[in-house]
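**Q** Take a look at the following structure, please.
The values are calculated or read from the model by the stated rules, or taken from the named source; none is laboratory data. This one's a predicted model, so the numbers in the text were calculated from it and none came from an experiment. As a convention, Cβ positions derive from the backbone with ideal geometry for all residues, glycine included, and neighbour counts pool all protein chains shown. What goes into the accessible areas is simple: the full protein's heavy atoms, side chains included, and nothing from ligands, DNA or RNA. Shrake-Rupley method; radii C 1.70, N 1.55, O 1.52, S 1.80 Å.
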Amino acid sequence: MAETPLLAAQDLTVRFGGHVAVSDVGLQVRAGAITGLIGPNGAGKTTTFNALCGLQSVARGRVLLDGKDVSSLSPHKRARLGLGRTFQRLETFSLLTVRENVLAGAEFRRSSRSGESAAAMTDRLLGQLGLEDVADERVDGLPTGRARLVEVARALANEPRVLLLDEPSSGLNEAETAEFAAVLHQLTDSGLAILLVEHDMSLVMSACEDIYVLDFGRIIASGDPATVQADDKVRAAYLGDDDDEPAPHVAVHEGAAAPDQADRRMPVLAVQDVAAGYGDFDVIDGISFEVAEGEVFALLGPNGAGKTTTLRVISGLLPASSGSVAICGRGVLGADADALARAGVCTVPEGRGVFPNLSVAENLWMATHTGIARKQVEEGAYARFPRLGERRNQTAGTLSGGEQQMLAMARAMATDPALLILDELSMGLAPLVVHELYEQVGAIAATGISILVVEQFAHEVLGVADTAAIMLHGRIATIGAPADVAAELESAYLSGAVDQHG
């Protein structure tokens, strides 16, 4: 990284009230190179992007574009100086055609460095990104993957010198992702600098020359792909602390068959050949697994693998295009979320899932719709999580992240679920807090409740899991005992590949 970077951040710090979301971040993006910015959920990647392009104010630090300090400039002025971006959430003119979207970007230019007309540039970009066949179709009728390419083309139409791409491969299949990587390399051959935030590690590791790794808002590692993959801090950020050998707890209650025995009881959850997605794009395809009574089943995989989509199908929030889902032997595919909740499926969603303006006690009272008394709900919650009893009258939104997760779990347990679904329990939490929460997961499973956990902090959940599976690109890549699955984790999380078996 010897040459002067086209884009640089120096000591970039972003605060939201008293919370430091990004702290002293420094990075460099070179001309003619793809630079990756990666990290687990909640690490601060999109906040950093927003600070670089001026959509987020900073408490400290500078942003330099070709050596010029642009920290005080508005987003549109940074764009005129050559900084372009796409967004994690798709941002297109949905009622316009593909051609009209790209043309809008070309016509917003004050002048063209290349001398091309807006129409000529639009045609060139449509061809370069493989969008000619849908040029006259409205964007709202396209699969998500193609719509993302439209957003990239529109950003390129403004002739940026630096392009920030926020998860651009989301919605692309493996073949489309490989084609997209080739397009990115063509763009950098012309001198464009690209900063890439991406969940698909196969794309990051194959396309990027330089990589920065964020965790809890700080850069913990940087270097070429091989250096980053070999870094112990990076492994710990994605997988958790693996000092302790993963070992299944005695989760299956006394008298029930062990999960790997042929005479196991009827599963509490059975997912068979499920496919589902959004619009015309299937995110998951052919998903099959079972969760036994009292079993902790860990569904692992990098961001974008399809884990949360799988949970949404199981909990009735997303229809499946094919396959079946059964709860205690009863087919439930197509049932709405309310009916599934009454049938004993309870989900603790990603991002805490508490009512922030209500007190701890009032949050717990929400579980009394099942007919259980308030006193009983509170007594059970405070016995399991004594810290909640100490904060009974405190507003939930003022609790720490770990305490909010405890509250969400306590409220879920009050409904006496047959199946408890936990989505990214560790997100944004310190390792010690995560360890404490997973001790409670093990204790809950020991009472006979089945638990399905979607998690990125893999090693911690493997310590309490009976069975684990790794998802990649919308499919189950491997499934088996936690100790066996643990051997595949590094390849899955840091290279986007795994030896498929089981």
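**Q** For a quick check: with amide H placed at 1.01 Å from N, whose amide H comes under 5 Å from residue 60's, ignoring anything fewer than 5 positions away on the same chain?
**A** It is 13, by chain and number.
**Q** Let me ask something else about it. Based solely on its DSSP helices, what 222 nm [θ] is calculated for the chain when runs of n ≥ 4 H residues each add -39,500 (n - 2.57) and the sum is averaged over all residues, nearest 500 deg cm²/dmol?
**A** -9000 deg cm²/dmol
**Q** Rolling a 1.4 angstrom probe over the protein heavy atoms, how many square angstrom per residue are accessible across the chain?
**A** 42 Å²
**Q** List the residues, sorted by chain then number, that are 5 or more residues from residue 269 or on another chain and whose placed amide H is less than 5 Å from its amide H.
**A** Here the answer is 291, 328, since their amide H atoms fall under 5 Å of that of residue 269.
**Q** Residue farthest toward the positive end of the dipole of the chain, with Cβ of Lys/Arg at +1 and Asp/Glu at -1: which of 315, 17, 441?
**A** Positive-end residue among those listed: 17.
**Q** Over the chain, what is the relative contact order in percent, taking alpha-carbon pairs closer than 8 angstrom and at least six residues apart?
**A** Relative contact order comes out at 16 percent.
**Q** Read through the labelled values (1) 28.9, 93; (2) 22.2, 70; (3) 24.0, 77 and report the label of the one computed as Rg and Dmax of the Cα atoms in Å from the structure.
**A** Matching entry in (1) 28.9, 93; (2) 22.2, 70; (3) 24.0, 77: (3).
**Q** Sort 190, 400 from largest to smallest accessible area, using a 1.4 Å probe on the heavy atoms of the protein chains.
**A** Putting 190, 400 in descending order of accessible area: 190, 400.
**Q** Roughly how much of residue 321 is accessible, in Å² to the nearest 10, using a 1.4 Å probe?
**A** For residue 321, solvent-accessible area is about 80 Å².
**Q** Under 5 Å between amide H atoms, partner at least 5 residues away or on a different chain: which partners does residue 21 have, H built in plane at 1.01 Å?
**A** The list, which skips near neighbours in sequence, is 14, 15, 16.
**Q** Does the stretch 61-207 come out rounded, prolate or oblate by the C-alpha gyration tensor, with a ≥ b ≥ c the root eigenvalues, rounded set by a/c under 1.5 and, if not, prolate when a/b is larger than b/c and oblate if not?
**A** Oblate, because a/c is 1.5 or more while a/b does not exceed b/c.
**Q** Also, quick follow-up: In whole angstrom, note down how far apart the Cα centers of the stretch 21-56 and the stretch 308-382 are.
**A** The stretch 21-56 and the stretch 308-382 have Cα centres separated by 35 Å.
**Q** How many lysine pairs in the chain, separated by 8 or more positions in sequence or lying on different chains, have Cα atoms less than 23 Å apart?
**A** On the way: 45/68; 45/77; 45/233; 45/307; 68/77.
Lysine pair count for the chain: 5.
**Q** Right, here's the next one. Ordering 435, 19 from largest to smallest accessible area (1.4 angstrom probe), what's the sequence?
**A** Output order, biggest surface exposure first: 19, 435.
**Q** In square nanometres and to one decimal, what's the mean projected area of the convex hull around the Cα atoms of the stretch 370-421?
**A** Averaged projected hull area, Cα only: 3.9 nm².
**Q** Convert each backbone phi in the stretch 57-65 into a coupling constant with the Karplus relation 6.51 cos²θ - 1.76 cosθ + 1.60 (shift: θ = phi - 60°), then list the ³J(HN,Hα) values in order as whole Hz, x for Gly and Pro.
**A** Residue by residue, the stretch 57-65 yields 6, 10, 7, 7, x, 10, 10, 10, 10 Hz.
**Q** Of 297, 93, 87, which has the most accessible area with a 1.4 Å probe, and how do the rest follow in descending order?
**A** Listed by decreasing accessible area, they come as 93, 87, 297.
**Q** To continue, here is another question. Over the stretch 267-367, what is the relative contact order in whole percent, taking alpha-carbon pairs under 8 Å and six or more residues apart?
**A** 28 percent
**Q** A further question on this structure: Tell me which GluC sites (Glu not before Pro) from the stretch 78-151 have a DSSP coil assignment and no more than 15 other beta carbons within 10 Å of their own.
**A** 91, 137
**Q** For the chain, which whole-number percentage of the solvent-accessible area (1.4 Å probe, protein heavy atoms only) is attributable to carbon and sulfur atoms? Before the final figure, lay out each step's value.
**A** Numbers: 10150 of 21000 Å².
Within the chain, the accessible surface is 48 percent carbon and sulfur.
**Q** Still on this model: How would you classify the stretch 116-165 from its alpha-carbon gyration tensor, with a ≥ b ≥ c the square roots of the eigenvalues: rounded for a/c under 1.5, else prolate if a/b is greater than b/c, otherwise oblate?
**A** Details: a/c = 2.31, a/b = 1.28, b/c = 1.81.
In terms of gyration-tensor shape, oblate.
**Q** Okay, moving on. Rounded if a/c is under 1.5, else prolate if a/b beats b/c, else oblate: with a ≥ b ≥ c from the C-alpha gyration tensor eigenvalues square-rooted, which is the stretch 1-92?
**A** rounded
**Q** Picking from 129, 147, 160, whose Cα lies most toward the positive end of the charge dipole for the stretch 105-161 (charges on Cβ: Lys, Arg +1; Asp, Glu -1)?
**A** 160
**Q** Using the Karplus curve 6.51 cos²θ - 1.76 cosθ + 1.60 with θ = phi - 60°, what ³J(HN,Hα) values do you get for each residue of the stretch 292-302, in whole Hz, with x for Gly and Pro?
**A** Taking θ as phi minus 60°, the curve returns 7, 4, x, 9, 9, 10, 9, 9, 10, x, x Hz for the stretch 292-302.
**Q** Assigning unit charges at the beta carbon (Lys, Arg +1; Asp, Glu -1) and nothing else, what dipole magnitude in debye, to the nearest 20, does the chain show about its Cα centre?
**A** Details: 39 positive and 66 negative charges, 439 e Å.
Its charge dipole is roughly 2120 debye.
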